[in-house]
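Every number here is computed from the coordinates shown, using simple stated rules; none is lab data. Computed from a predicted structure; not experimentally measured. Cβ placement follows ideal geometry from the backbone for every residue including glycine, while neighbour counts extend to all protein chains displayed.
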């Protein structure tokens, strides 16, 4: 039910404007990306804003690890 709406240009723009305030977490299985979380860094807080994974991916607690790991 999801769709790709974050384009390559989006990531280039975000990197150029907020590079030191962005943390992209990628989860891989056998070298292939299966999930990711786009987090924003603010002061002493990590804000997990966007999360996504392959429809066929099932990894218990992966959302928690990618979005809330300290």
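Computed over the chain, the per-residue total of -39500 (n - 2.57) for DSSP H runs of n ≥ 4 gives a 222 nm mean residue ellipticity of -7500 deg cm²/dmol, rounded to 500. Protection proxy ranking, highest mean first, for peptides 12-24, 33-45: 33-45, 12-24, where packing is the per-residue count of other beta-carbon atoms within 10 Å, averaged. Given that just one value was derived from the coordinates, which of (i) 15.2, 54; (ii) 12.7, 36; (iii) 11.2, 33 is Rg and Dmax of the Cα atoms in Å? Computed from these coordinates, Rg and Dmax of the Cα atoms in Å corresponds to label (ii). Find the relative contact order for the chain and round it to a whole percent, using C-alpha pairs within less than 8 Å whose residues are 6+ positions apart. Worked out over the chain, it gives 22 percent. Helix 8-18 and the long axis of the chain differ in direction by around 40°, with both axes built from C-alpha atoms.
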